[in-house]
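Written out below as structure tokens is the structure these notes cover.
Here, each number is a calculation from the coordinates, and none is a lab measurement. Quick caveat: nothing in here was measured; it's all calculated off a predicted structure. Virtual Cβ from ideal backbone geometry, glycine too; neighbours counted across all protein chains shown.
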Amino acid sequence: MAGSSTATTIACGDEGGEEEEKAASGSLCLEMLPQVLLQSVMARLDVSSLCSAASACKAFHASASQALSFIPSFHLLEIAPKPEMVRRLLPANPCMRSLKLDCARLDDSSIAHLTKPSLQELCLQNCDMFSSRLLSEVGRNCRDLRSLSLGLLAEGLDSLIHCSDLEQLLRGCSKLESLSLLLSMSTFVGHNFSQVWALASEKLVVLEIGFILSGMVKELLSMNLDIQRPPNNARPVIFPNLQKLCLSVDIITDSLVSTISRGLVSLSHLDLRDAPMIEPILSFDLTNFGIQQINQNGKLKHLSLVRSQEYLPTYFKRVNDLGILLMSETCSGLESIHLGGFCRITDAGFRAILHSCSNLHKLKVWNGTQLTDLVFHDISATSLSLTSVSLRSCKLLTDLSITRLSSNKDLGILDLRGCREIGDDALKAVSCLSKLKSLQLDGSYISDTGLSYIGHGAASLVSLSVRGCTRLTDKCVSSIFSGSLRRSLQVLDLSLLPSLSDEGILMLVKCGVLLAELRLRECPHIGDTSVMALASMQVEGGRHGSSLRLLDLYNCGHITKLALRWFWKPYFPRLRWLGVMGSVNRDMVEALARSRPFLNVACHGEELGSRCWDSFSNLCGSEYEEIDELEQWLIEGEDWEEEEEMEDELV
């Protein structure tokens, strides 16, 4: 147990040589540590380590519980606690400044525990079962808040959100600098929507909204336009210092882009995304005229314009190379650009961006239907130092493009999903990128041989996805882990590989790789043998138990109810996400979910998300226990509290 071991080492270091020798031999009794010293150690731990240490003994449990009363930051996104657990984990704490929590199992009954007056940062994910009252209570109680992020508010209730609650939030939180409301503004009830936003903090620099109608945005920002202001109007400007705006709208139009560019004079980061349900008409779409209106104040550094094909296979059909050429002249200071769904932009338009924006570090082009190898023909002649490149579904690109692109030696992220002409020669060039952390090759034409180049190079690679690369076989596993990659790779996606079988997974286990995420969905030859091998794999330190936090086995052809038995304790002690077919044995799946309440079991084919950990951080330590200490403390904590109450009564 990493948390308690660390605590023991720190404590012993302060007690002298004799205690150190006893600790080394394992003879020091943890409960005999001085209470003041123990509390001092506990105060230095984060929440996960604190809970891990609390599972060691009653003394540690009592100290951890007391530490929760003055801990300044409480970040627990790895699990979704129940209401009774939130009561124990979040006692009255006048010192708490930052709270981040997964609220998937909470509702309005927990609001009082979440809205602490001392908070300056509040991030609540998956607020499906909360009503809009959460907004008003935050505004009423958290008046020192600087940063607020709420996700999926009231979606599970299918209820409307009242403008009065938003008004209370904006009126009460007058110091807000960052506001993220990942919800639909179209569900707000009230006729004074734009007037309510006039109450927003003048200090607001970041605003993110999950969905809002473009008409609502134009109505809101039109209050800032001089042509609509009568003389001597004392009405305050809305968002005078806003620098970053991220919106998902019904449709991106010329008037929307123009209103945003003119109404927000300090804007440096603009992110707009739409998903039209019908084909846009000429007068209600983005054209060359509209795209020239971007960056009228000359401060834009980051630009993202994406047309999603979620509902309809549609594109920005009224923007061509001329519009991009004119835009690149006024946006030469861009540091990152993301263009998705521009079907009429050719190599000439994209090359204008590459040659005009000398400070460009991040380039994303999605569904670039006319993008060819010519776009990177002379990229080595530019002064660009690209660190992140995404060319998703640019189906005309070949190995030649990636070879030329690899002249950017600082590349850390490379996304080539849907580039079906990319093959082994591209991987040979990519393998020389020493700083590469993430590589996505879904649907490409690579083979086992190509992956061997990556296995012997790209020594710092953390995440690799080869989903749907149909030429790959079981040998791809040995190709990936034939070199130093076994020490760095933590996230691996082998889904939709028709030739991958249990033999490949046995090779993976034999390599002793400490993966945190493994996706094997829809591999027809993966079966129970793979699950048993993963469950019993031996990791560093000589202990048994998988390091996996996420395992996706959805629709694997040979998974039976026998495999499900291996997900009961003590196997897969750190697993948080599991994807299986619910029809394999529904009763066993439901029993598994009940026995491991902090294991998210997905049975309907939904993609499993890495919501609660950073794939690029150091996920895997050198020590693993046969149990999850955090889960143990949360479950068993109530039992210890009951024992302590009985002891007090006896005294």
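Miscellaneous remarks
- The equivalent ellipsoid that matches the C-alpha gyration tensor of the range 455-540 spans semi-axes of 18, 16, 11 angstrom, in descending order.
- Over 24 Å (Cα to Cα) - which of K203/K299; K317/K395; K301/K364; K244/K437 fall in this group: K244/K437
- Subset of K510/K569; K116/K218; K218/K362 violating a 25 Å alpha-carbon distance limit: K116/K218; K218/K362
- Backbone HN-Hα couplings from phi across the range 381-387 [Karplus 6.51/-1.76/1.60, Hz, Gly and Pro as x]: 7, 8, 9, 5, 10, 6, 10
- Across all Cα atoms of the range 274-385, the radius of gyration (one decimal) and Dmax (whole number) stand at 13.8, 43 Å.
- The slack in the chain from T398 to A381, taken as 0.36 nm per residue of separation less the alpha-carbon distance, amounts to 4.1 nm.
- Compactness of the range 276-325 as Cα Rg over 2.2 N^0.38 Å, two decimals: 1.27
- Percentage relative contact order, the range 188-345, counting C-alpha pairs under 8 Å, at least six apart: 20 percent
- Rounded Å value of the spacing that divides the Cα centres of the range 83-116 and the range 276-344: 42 Å
- Taking a Cβ cut-off of under 12 Å around S136, the surrounding Lys, Arg, Asp and Glu residues balance to a net charge of -1, with basic ones at +1 and acidic ones at -1.
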